[in-house]
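Each remark here refers to the structure printed beneath this line.
The values are calculated or read from the model by the stated rules, or taken from the named source; none is laboratory data. Small disclaimer: the values here were computed from a predicted structure and weren't measured. Don't worry about glycine lacking a Cβ; one is built from the backbone with ideal geometry, like all the others, and counts go over all protein chains shown.
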Amino acid sequence: MRQLVLDGGKWAVAEDIYDAFFQAVGAPSWHGHNFNALRDSISGGRINQVELPYIIKITNYESIGPNAKTMAQHFIEFIKELKESGCKVDVETEQ
């Protein structure tokens, strides 16, 4: 399974998480910055250049800035929910 590596150590604000993910999947510039848009592009496909299946690996998780930490946690929970619903996506963190 393809692995998408996102460096959490560079995340200072919530927008940084979207930017890192969008870059990793080759999202179009018009992609929405919310979980509904993420759900559509990940589970529905045919929007991003990189399609499922893949694992999102967040490195330097402990170094995520305090203004981005809550969003990072919500992003991880969101990806796990997608997996539980049958999407071939997963997420893991690395310190």
Original post:
Right, Gln49: polar (S, T, N, Q), outside any helix (DSSP H, G or I) and either under 16 Å from Asp90 (Cα atoms) or touching a residue at least 40 places away in the same chain (Cβ under 8 Å) (or both) or not?
Top reply: no
Original post:
Out of (1) modelled with pLDDT of 95 or more; (2) under 22 Å from Gln3 (Cβ atoms); (3) in a loop (DSSP other than H, G, I, E, B), what's the single condition that is false for Gly32?
Top reply: (2)
**OP:** Determine the pairs where a residue that is more than 14 Å from Val91 (Cβ to Cβ), located within the stretch 62-78, has a partner that is surrounded by 12 or more Cβ atoms within 10 Å (Cβ to Cβ) and aromatic (Phe, Trp, Tyr) with Cβ atoms under 7 Å apart, the partner being 6 or more residues away or on another chain.
**Re:** Gly65/Trp11; Ala68/Trp11
**OP:** Please find, among Ala72, Ala24, Ala20, the residue that is modelled with pLDDT of 95 or more, farther than 19 Å from Lys83 by Cα and surrounded by 16 or more Cβ atoms within 10 Å (Cβ to Cβ).
**Re:** Ala20
